[in-house]
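The values are calculated or read from the model by the stated rules, or taken from the named source; none is laboratory data. No experiment lies behind these values; they were computed from the predicted model shown. We place every Cβ from the backbone using ideal geometry, glycine too, and count neighbours over all the protein chains shown. Just so you know, the surface numbers come from the protein's heavy atoms only, side chains and all, with ligands and any DNA or RNA stripped out. Shrake-Rupley method; radii C 1.70, N 1.55, O 1.52, S 1.80 Å.
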Amino acid sequence: MRLRTAHCASVLIFMLAFSGCSSSNKPVEVEGIVLLDNEPVAEATVLFIPEGNSGQPAHGWTDENGKFQLTTFKENDGAFPGSYKVTVTKSVAPPQPPDADPGDAQSVVAHFKAIKQQKKVKSPLPAMYANAQTTPFHYTVPVEGKVTLELKKLPK
């Protein structure tokens, strides 16, 4: 019994030592804007990926004005202090196929034919910003002021 109590006390001391009481143990609010050729990018996903082998990622979605706030655990709680690579992605839904009437074989065939012929819709953002290996964006949290992610279209 005494050994078990000592073990529990050791675990408790270990947890307290590594949990700490500093402000770095909670997310810091981070907000910013995403621009593509100086125009706001709506409905994009911003992902802060911790550099190194540890840390928690944070994410945010841009509003119609390109503005975002980061979330780690709770909505808009921010990101933990540290260094991050930042990716920006945007998905575009393919066009809706024509409606199918279950009683009309022709409409069902047309519906599925339209789905089969759909091409993958390309993102309006350059691919380099979506890849953690190629993104030019690196930020350290806490940041001074707001984060501005200025994307540029690449020449064809």
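Give me the net charge for the shell around Val28: Cβ to Cβ below 12 angstrom, other residues only, Lys and Arg +1, Asp and Glu -1. After counting each charged neighbour, the total is -3. For a straight C-alpha distance cut-off of 20 angstrom, the lysines reachable from Lys67 (same-chain residues fewer than eight places away being disregarded) are Lys85, Lys90, Lys146, Lys152, Lys153.
Excluding Ser107 itself, calculate the net charge of residues whose Cβ lies under 11 Å from the Cβ of Ser107, where each Lys or Arg counts +1 and each Asp or Glu counts -1. Its environment carries a net charge of -2.
Full extension of the chain between His138 and Asn65 yields a length gain of 24.1 nm, computed as 0.36 nm times the residue separation minus the alpha carbon distance. Take the stretch 45-156 with all the other protein chains still there, run a 1.4 Å probe, and you get 68 Å² of accessible area per residue.
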